[in-house]
Amino acid sequence: MTTYLTPARYGEAEFVEKRSRFIGRVWRTDTEAEALEKIREMRERHRDATHNVYAYIIRENNITRYSDDGEPSGTSGMPVLNVFATEGITNVCCVVTRYFGGTLLGTGGLVHAYSKAAKEALDAAGVSLMALWSLLRISISYSFYDRAVRLLDEFEASVLSSDFGENVSLQAPVRKDIEETFLERMTEYSAGKAIVEKTEERFCGVRVG
């Protein structure tokens, strides 16, 4: 079962380091063409910037690219790329724009600033776990409701809807790769009284960070 981490949404961060202005931007990009388009847009928007450093990682065909865009070799593009590689993030594109402020940062300072811009932009974007999920409809007694919700939380399954009738009916997605274990635990916890029906399977993302 294939799972991977990717940005949950667009993220942006900006700060000033020794009078140089850094703007980090992160997108989820599922193809290299999407990544190249984001890079083109940022170069066009910030034509007056000193540097538009970029890095992207695409799962399909294992594509990894980066550019220092005129900064000293190894001080910008690679540190940006390493932020995502270290955290296992893929299908991601990041552009860090720099407006030079007149003070040289040195090799270590550049690595720190570009890494910080990428990491803060990623933090702003958040992270989603892409995986195959089973959408389950769970019918339980009222006396088991609290324990069922705790069990779902343990399996990182958020309740999508609740119907309080004669019994409680919950809808929740559970990752396909841990579905069998979840069902075993649900049966055990409810003494076999919980009724679980799978309504569909869906490959999608759920935010985890």
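The values are calculated or read from the model by the stated rules, or taken from the named source; none is laboratory data. These numbers were taken from a predicted model, which means no experiment stands behind them. Don't worry about glycine lacking a Cβ; one is built from the backbone with ideal geometry, like all the others, and counts go over all protein chains shown.
For (1) in contact with a His (Cβ under 7 Å, 6 or more places away or on another chain); (2) among the acidic types (Asp, Glu); (3) over 30 Å from GLU34 (Cα atoms), each residue gets a yes or a no:
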{"site": "VAL96", "(1), (2), (3)": "no, no, no"}
{"site": "ALA118", "(1), (2), (3)": "no, no, no"}
{"site": "ILE138", "(1), (2), (3)": "no, no, yes"}
{"site": "GLU156", "(1), (2), (3)": "no, yes, yes"}
{"site": "VAL159", "(1), (2), (3)": "no, no, yes"}
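For the stretch 51-71, the set of residues classified as within 17 Å of GLU41 (Cβ to Cβ) and in a strand (DSSP E or B) consists of HIS51, ASN52, VAL53, TYR54, ALA55, TYR56, ARG65, SER67, listed by residue number.
For the stretch 195-209, residues that are under 20 Å from the mean Cα position of the chain (by Cα), part of a strand (DSSP E or B) and of a type outside the set (Lys, Arg) total 4. Selection of the stretch 48-67 for residues being polar (S, T, N, Q) and surrounded by 15 or more Cβ atoms within 10 Å (Cβ to Cβ) yields THR50, ASN52, SER67.
Picking from residues in the stretch 136-194 that are in a loop (DSSP other than H, G, I, E, B) and hydroxyl-bearing (Ser, Thr, Tyr), the one that is surrounded by the fewest Cβ atoms within 10 Å (Cβ to Cβ) is SER158.
A quick yes/no check of all residues on (1) within 26 Å of MET130 (Cβ to Cβ); (2) among the hydrophobic types (A, V, I, L, M, F, W, C):
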position: HIS46; (1), (2): no, no
position: ASN61; (1), (2): yes, no
position: SER67; (1), (2): no, no
position: GLY70; (1), (2): no, no
position: ALA85; (1), (2): yes, yes
position: ASN91; (1), (2): yes, no
position: LEU105; (1), (2): no, yes
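Answer yes or no as to whether SER134 is within 21 Å of the chain's Cα centre (by Cα), assigned by TED's automatic domain parsing to the domain that holds VAL196 and closer than 30 Å to ASP163 by Cβ. Here the answer is yes, as SER134 does meet what is asked.
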